[in-house]
Amino acid sequence: MSDNHAADIDKHVRTYILVFVALAVLTVVTVAVYYLHLGVVASVALALFIATIKGSLVACFFMHLISEKKLVYAVLILTVAFFFVLLLLPVLTSFADHIGVAG
Amino acid sequence: MEIPYVVEARPDTGLNNGKLGIWLFLASEVMLFGALFATYIMLRVGGSTWPAGAEILDVPKATLNTMVLITSSVTMVMAWASLMRRNLGQFRLFMSATVLLGFAFMVIKYFEYTHKFHHDLFPSTSTFLAIYFTMTGLHGLHVFGGMCINAYFLGKAPGTLLTTAGLAAVYLALLGPLRWAAAEYPGFLAGLCWLLIVALPIGILITAWLLWTKNNSMEIWRTNPQLLTNRVEHAGLFWHFVDLVWIFLFPVFYLL
């Protein structure tokens, strides 16, 4: 292995440590925000926002998505699109007309 | 027989086959957990009431578990970086730490689950608990699976030892609440029997298989170190995905 390559890994490792610190801090922030009792809409939005940042950090740096081949991005774009369709499925099928009516 | 494209990239995909394979698998995993997240949304929006998770679940324990899993993701990626530097000793250290942190996560989860059972909180108690146990249970299963794969890369003796210890811990973890439940509810005695009849032989078979089969991790290290490095990277992608799922499960169930 060339020295150049080893230096590359050292740079990676420094990034991993930084990402770890960021994830730990954001975990504390998530819990701290909960104790502020902001109300349902604000706390759901904020908690999901922080979780998305944390998830992106893991995906980009630990999973190396920041520099990946095109095919992996293609697979993931398709997956994310279907994932959101899945999440919207209850809304798209107008569940409110059928569920919780009896209650 | 030489298997092609395990180290070098395929010209048409630009990836080695293992990398593409694990990403396709993770795509299917996204849909698996996605279906359950969609179920959660439907149950929550469709229900007339929804409990505050923090009043039922243990926020400090879950916060600790979040930290444990995040740390294990760092040790996992450091294990890969150690192999990139061709430093086997350091790899063993970080990989063992990853497996042990996974173990710590499961132990904390065990105390959480048992605490719920002792307070008569079962999956059948409420819709909230049903989806909570389903999703965290499936996630825990993924942690356990990842631990087995990671332990395998440590070589035959440590791999077999760690997996067997993990299996034994799972049985002990199941035995406690099941024995208690059998005393409280006679119907649960059947569950206890099922554990002994079905699960125990499966565990013994897994250990026997690990002892009998060839674990070629160290051999690969000697003959083709980049192949082991790639395998560890792919196992890492799975492990980080499991961490990523927990990052969302934690606020969704405990804090919202």
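The values are calculated or read from the model by the stated rules, or taken from the named source; none is laboratory data. This structure is a prediction, so every number in the text was calculated from the model and none was measured. Note that we place each Cβ from the backbone using ideal geometry, even for glycine, and neighbour counts take in every protein chain shown.
Observations on the model:
- Residue match in the stretch A:37-58 (condition: touching a Cys at 6+ places or on another chain (Cβ under 9 Å) and either more than 7 Å from every other protein chain (Cβ to nearest Cβ) or under 23 Å from B:W246 (Cβ atoms) (or both)): no
- Only one entry in B:M84, B:M31 is within 12 Å of chain A (Cβ to nearest Cβ) and more than 30 Å from B:L167 (Cβ to Cβ), namely B:M84.
- Elements of type helices (runs of 4 or more DSSP H) contained in the stretch B:196-256, each with 3 or more residues being within 25 Å of A:M63 (Cα to Cα) and within 14 Å of chain A (Cβ to nearest Cβ): B:225-249
- Hits in the stretch B:143-165 - residues which are aromatic (F, W, Y), in a helix (DSSP H, G or I) and out of contact with any Gly (no Cβ under 6 Å at 6 or more places or on another chain): B:F144
- Considering residues of the stretch B:18-28 that are more than 8 Å from every other protein chain (Cβ to nearest Cβ) and surrounded by fewer than 18 Cβ atoms within 10 Å (Cβ to Cβ) only, the residue farthest from B:F128 (Cα to Cα): B:G21
- Residue in the stretch A:79-89 that is within 8 Å of chain B (Cβ to nearest Cβ), modelled with pLDDT of 95 or more, under 19 Å from B:N16 (Cβ atoms) and in a helix (DSSP H, G or I) present: no
- Remark: pairs (first residue in the stretch B:44-72, among the β-branched types (V, I, T); second residue crowded, with 19+ Cβ neighbours inside 10 Å; Cβ separation under 6 Å; 6+ apart in sequence or on different chains) = B:V59/B:Y254; B:T63/A:V31; B:T66/A:T27; B:T66/B:F250; B:V68/B:L101; B:V68/B:F105; B:I70/A:L23; B:T71/B:L101.
- Residue match in the stretch B:130-144 (condition: of a type in the set (S, T, Y), more than 27 Å from B:G159 (Cβ to Cβ) and touching a residue at least 40 places away in the same chain (Cβ under 8 Å)): yes
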